[in-house]
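So the structure is just underneath, and the comments pick up after that.
Values in this text are rule-based calculations from the coordinates and carry no lab data. Just so it is clear, the structure is predicted and the values come from calculations on it, not from any experiment. Don't worry about glycine lacking a Cβ; one is built from the backbone with ideal geometry, like all the others, and counts go over all protein chains shown.
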Amino acid sequence: MDSAFDLLALSPPGWGGNLLMGLLRTIQIAAGAYALGLCIGLFGALGKLHGGPALRWGLEIYTTVIRAVPELVLILLLYYAGTDLLNVVREAIGLERTDISGLWAGIYVIGLVQGAYSTEVFRGAFQAVPTGQIEAARAMGLPRRKVLARITLPIMLPYALPGLSNLWLITTKDTALLAVVGFSELALETKQAAGATREYFMFYMAAGALYLVLTLVSTLGFSLLERRMRRGQPQQT
């Protein structure tokens, strides 16, 4: 019978290499989806705070629906319905049907989900910026774009970082839901390895350890970033 070391070896017949490749795909999807979610969230928050009535209502519906529906249901809906909708559009303009790669589909699906949560994080952070500093910048004659870039964003980011840090950790765990659509990230690779060897405890413990390492490294990185962003600000007690 194969030993635990042989089963977890980084080269065949061990499955360690498969788990590490799954971890790499997990990080790739999480990073892409997180970046997409941040872009959606930033513009969504600005739209909610400064947009017209139609834009504000549209964003309110988006954030409410995304936060109300379970993420597994959203992933299944967006993955399959989104692919079908893309092919319908391509056929309508005379192009052939196409298959979306699992990597880009995962980024698109999880990014749209995280965008709703990022919108609320950024909205709360924008509202925490002292209005007096914005009014002072406008009194100095700075245009709205420069006020946003030089005053609002630098002051807002420290308020947003704790929430954004939490969203990153949620994003890394949400990648495991992509196993239901057959994408080979860490969760699916672990399931396949455990099913092939019948060593369920060992492989799921190994996967849990990899997720834990990713979480610890991410938490340390965000803590250092938050400390740097808060330099010169009063210490909170």
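Between E135 and Y204, how high is the FRET efficiency from 1/(1 + (r/R0)^6) when r is the Cβ-Cβ distance and R₀ = 45 Å? Nearest 0.05.
0.25
Which of S165, S118, S101 ends up with the largest GNM mean-square fluctuation for the chain, with Cα atoms connected below 10 Å?
Result: S101 has the largest fluctuation of those listed.
Would you look at the GNM of the chain, springs on alpha carbons closer than 10 Å, and say which of G16, G132, G58 moves the most?
G132
Just tell me, in residue order, which DSSP H segments of the chain are both 24 angstrom or longer along the helix axis (alpha-carbon based) and at least 0.5 in mean Kyte-Doolittle hydropathy.
Both cut-offs are met by 16-50, 71-92, 102-128, 153-174, 200-229.
Using +1 at the Cβ of each Lys and Arg and -1 at the Cβ of each Asp and Glu in the chain, identify which of M202, L46, N18 lies farthest towards the dipole's positive end.
L46
Between L153 and S101, with labels modelled 7 Å along Cα→Cβ, what's the label distance in nm to one decimal, could you check?
With each label placed 7 Å out from Cα toward Cβ, I get 2.8 nm.
Charges on Cβ only, +1 for Lys and Arg, -1 for Asp and Glu, centred on the Cα centroid of the range 110-237; of G111, L178, L148, which one is farthest towards the dipole's positive end?
L148
Kindly provide the Kirkwood hydrodynamic radius of the range 125-195 in Å, to one decimal, from all pairs of distinct alpha carbon atoms.
Kirkwood hydrodynamic radius for the range 125-195: 15.3 Å.
Cut-off under 19 Å on the C-alpha distance; same-chain residues fewer than 8 positions from K191 excluded. Which lysines are left, in chain and number order?
K173
Pairs of alpha-carbon atoms within less than 8 angstrom and 6+ residues apart define the contacts here; what relative contact order does the range 4-229 have, in percent?
Reported as a whole number, the value is 28 percent.
Give me W168, W57 ranked fewest to most by other Cβ atoms within 10 Å of their Cβ, as a rough exposure proxy.
Result, fewest neighbours first: W57, W168.
Note the direction-averaged projected area, equal to a quarter of the hull surface, for the Cα convex hull of the chain, in nm².
Quarter of the Cα hull surface area: 17.9 nm².
Taking the chain as a Gaussian network, where each spring joins two C-alpha atoms under 10 Å apart, which residue of A128, A187, A33 fluctuates the most?
With Cα springs under 10 Å in the chain, the top fluctuation among A128, A187, A33 is at A128.
Please give the charge dipole size of the chain, origin at the Cα centre, charges +1 on K and R Cβ atoms and -1 on D and E Cβ atoms. Round to the nearest 20 debye.
Numbers: 19 positive and 15 negative charges, 278 e Å.
Computed about the Cα centre, the dipole is about 1340 debye.
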